[in-house]
Amino acid sequence: MASSNTVLLTDDDPMIIRMYQRKLEHDGFKVNLAFNGEEALAAVKKEKPGIILLDIMMPKMNGIDTLKALKADAGTKDIPVIILTNLGDRPEDVEKAKQLGAAEYIVKANVSLPDLVDKIKNIIAKK
């Protein structure tokens, strides 16, 4: 059973993790952490989150491959995924992520923490 109040935060940058984790917990979310795609897939099997924040550039397994694996699995395909990256927002990257099933594609530098939390709440509310 997915917990809509749980966010799986997947990023390999400890500073980003700490900043997002603090804000999300302050706003009432339970935050589970993963530092690469393999850890994210393992974490989802342990406890299904209400939403996944997924960086693209990570060691071991990148965010696009992780997104493909999540959407290919009947048990996780319905969990909304926000791609949260610093790669930029080239239209072809955004389109690819959306075609693979991402709910949103957000460039970290272009979104404030309060706006990100609002997006998360809106996506969870639509589930």
Work out the length of the dipole vector of the chain about its Cα centre, built from +1 on the beta-carbon of each Lys and Arg and -1 on the beta-carbon of each Asp and Glu, and round it to the nearest 20 debye.
380 debye
If r is the Cβ-Cβ distance from Ala74 to Lys121 and R0 is 30 Å, what FRET efficiency results, to the nearest 0.05?
0.70
Using a 7 Å offset from the Cα along the Cα-to-Cβ direction at both Glu47 and Asp27, what is the distance between the two label points in nm, to one decimal?
1.9 nm
Could you point to the label whose value was computed as mean projected area of the Cα convex hull in nm² for the structure here, given (1) 6.8; (2) 7.3; (3) 12.1?
(1)
Which trypsin sites (Lys or Arg not before Pro) in the stretch 32-115 sit in a loop by DSSP (not H, G, I, E or B) and have at most 13 other Cβ atoms within 10 Å of their own Cβ?
Lys60, Lys77
Once you've got the GNM for the chain with C-alpha springs shorter than 10 Å, pick whichever of Leu53, Leu100, Leu67 has the biggest mean-square fluctuation.
Leu100
Checking the a/c ratio against 1.5 first, then a/b against b/c, what shape does the Cα gyration tensor give for the stretch 58-127?
oblate
For the stretch 1-47, size of Cβ-based charge dipole, Lys and Arg +1, Asp and Glu -1, in debye
200 debye
Accessible area of the stretch 1-108 with a 1.4 Å probe: how many percent of it is carbon plus sulfur?
53 percent
Which GluC sites (Glu not before Pro) from the stretch 1-93 combine a DSSP loop assignment with at most 15 other Cβ atoms within 10 Å?
Glu47
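Rounded to the nearest 500, what is the chain's calculated 222 nm mean residue ellipticity when only DSSP H runs of at least 4 contribute -39500 (n - 2.57) each, over all residues?
-13500 deg cm²/dmol
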Out of Leu70, Leu54, Leu113, a Gaussian network model of the chain with alpha-carbon springs under 10 Å gives the largest mean-square fluctuation to Leu113
Compare Asp11, Asp55, Asp78 in a GNM of the chain, Cα atoms joined below 10 Å, and give the one with the largest fluctuation.
Asp78
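The values are calculated or read from the model by the stated rules, or taken from the named source; none is laboratory data. Everything quoted here is computed from the prediction, not taken from an experiment. No Cβ is skipped: glycine too gets one built from the backbone with ideal geometry, and neighbour counts run over all protein chains shown. Just the protein is used for accessible areas: all its heavy atoms, side chains included, with ligands, DNA and RNA removed. Shrake-Rupley method; radii C 1.70, N 1.55, O 1.52, S 1.80 Å.
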